[in-house]
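Here is the structure we will look at, set down as structure tokens.
Each reported figure results from applying straightforward, stated rules to the coordinates on display, with no laboratory input. The structure presented is a predicted model; accordingly, all values stated were derived computationally and were not measured. Ideal geometry is used to build each Cβ from the backbone, glycine not excepted, and the neighbour counts take in all protein chains shown.
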Amino acid sequence: MALKPQDFLVALKLLALGEQHWTYARLAHELGLSTSEAHAAVQRGLAAGLLTDSSIARAYAAPRPTAPLVAREPAMRAAGLHATALPRKAPEERTHLDSAAAVNRHNLAEFALHGAKYAFAPQRLPVGPGVPTSHAAPAFAGVFVEGHEPLVWPYAHGTVRGEGIAPLHPCVPGAALRDAALYELLALFDALRAGRARERSMASSRLQKLIDPPRRPAAAKARRG
């Protein structure tokens, strides 16, 4: 079963959600996919080993209403966008039970660092307005010295002008602006697949820490206690 770009995107979104309660309907709504697309992406992620069946039973309950986007959202403000600029999509009716799928951190890190940049190679696009990504993303303000044109995901309401790079999936710009944690993961992935040597090195190290951080030996933890 071949992985699709949205499968990797869904795995990153589940990582960004952490321990938060989620349903297919919530996943679809926050990413801008249909419920069936979200469900299929999770199933392919499970088959590929990027996700795993969770042993934790989750209660069958409606998700909390998605908070309305506001202009003070950090990721949006840093990108120079306003809440009214984002198209809103009504939540779909919940038709599935809560998923028990969870991120397989080791496998996802291995794929993100060593496989995804080849499976989803960057496609450069003309200069235009968009949402900043890679070294130009808000999460990396002050990390990289300015000196080359920002990379942006083309976006009709974007206020940052730069060289375009095709996002992992068409829904990425809106999904990233709704979720700062997901935004950082996606921008790091772009730095890894399209950045310069220093950017790739930083992105690789940061992605490893965010996806599958090293675990301290039990003995060291005992000494600290």
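Taking Pro132, is it surrounded by fewer than 19 Cβ atoms within 10 Å (Cβ to Cβ), closer than 19 Å to Leu9 by Cβ and out of contact with any Ser or Thr (no Cβ under 8 Å at 6 or more places or on another chain)?
Considered against the rule, which asks whether it is surrounded by fewer than 19 Cβ atoms within 10 Å (Cβ to Cβ), closer than 19 Å to Leu9 by Cβ and out of contact with any Ser or Thr (no Cβ under 8 Å at 6 or more places or on another chain), Pro132 comes out as no.
Inside region 133-151, can you point out the residues that are under 15 Å from the mean Cα position of the chain (by Cα) and β-branched (Val, Ile, Thr)?
Result: Thr133, single match.
Identify all residues within region 129-167 that are touching a Pro at 6+ places or on another chain (Cβ under 6 Å) and more than 15 Å from Leu188 (Cα to Cα); write none if there are none.
Scanning region 129-167 gives Gly130, Tyr155, Gly158, Val160, Arg161, Gly162, Gly164.
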